[in-house]
1. Which one of Pro47, Pro22, Pro56 has the biggest mean-square fluctuation once the chain is modelled by GNM with Cα springs under 10 Å?
2. Using the Karplus equation 6.51 cos²θ - 1.76 cosθ + 1.60 (θ = phi - 60°), what ³J(HN,Hα) coupling, rounded to whole Hz, does each residue of region 128-139 give in order, writing x for Gly and Pro?
3. Which one of Leu66, Leu110, Leu133 has the biggest mean-square fluctuation once the chain is modelled by GNM with Cα springs under 10 Å?
4. What is the distance in Å between the Cα centres of region 37-65 and region 88-141?
5. Please report, in debye to the nearest 20, how large the charge dipole of the chain is about its Cα centre when each Lys and Arg carries +1 at its beta carbon and each Asp and Glu carries -1 there.
6. For Ala15 and Ala114, what does the FRET efficiency come to when R0 = 35 Å and r is the distance between their Cβ atoms, rounded to the nearest 0.05?
7. Need one number for region 26-86: average projected area of the convex hull over its C-alpha atoms, nm².
8. Per 0.36 nm of contour for each residue apart, how much would the distance between Gln151 and Val3 grow if the chain were fully extended, relative to their Cα-Cα spacing?
Amino acid sequence: MPVLSDEAILAAIDAGQLEIEPFDVANLTPNGYDMRIGEVALAGSEPISEGTLSVPSQTRFAVSTLERVACGPALCGQLWLRSTWARRGVQASFGKVDAGFDGTLTLPGLNSAAEPLELPVGETYCQLVLEALTSPASGSYSERSGNYQHQRGVTW
């Protein structure tokens, strides 16, 4: 599937095929959009939405994006951990953002480093790479499963 360029992302937003709120043009990359930390939580604890969370070594955590994303029926997204975080010891595996999804994204991770990891709210964390489907989906995310449709904040 073709990956949307920065210009194609802006055109998709203008055409109402994609929503990213709040949108910051500074986070637009040549082939994606850098998503920021809106909330962060250790496994089993309440999330924080301001300040910095210190994640102990070998501890699971989850990040929720600050941005709400809504993909139209002809778009889906890939999520990629920014290499800055991988270099600091974050291990994470992300899925696709389905056509028709609307909500913030919860991204689980593990601090595999020997030292604590500092996760500041507002920091860029992952890149959303958008892809055009070969045709609009016959059934959107909300119609097929929709388990996390309209989620806000960290959702375990």
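None of the figures in this text is laboratory data; all of them are computed from the coordinates on show. Keep in mind the model is a prediction, meaning the values are calculated, not measured. Positions of Cβ are generated from backbone atoms using ideal geometry, with glycine treated the same way; all protein chains shown enter the neighbour counts.
1. Among Pro47, Pro22, Pro56, the largest mean-square fluctuation in the Gaussian network model of the chain belongs to Pro22.
2. Along region 128-139, the couplings run 9, 10, 9, 10, 8, 6, 5, 7, x, 5, 6, x Hz.
3. Among Leu66, Leu110, Leu133, the largest mean-square fluctuation in the Gaussian network model of the chain belongs to Leu133.
4. Cα centroid to Cα centroid, the span is 15 Å.
5. Numbers: 9 positive and 18 negative charges, 106 e Å.
It works out to roughly 520 debye.
6. Numbers: r = 48 Å, r/R0 = 1.36.
My answer for the efficiency is 0.15.
7. Details: hull surface 23.4 nm².
Value for region 26-86: 5.9 nm².
8. Additional length available on full extension: 50.7 nm.
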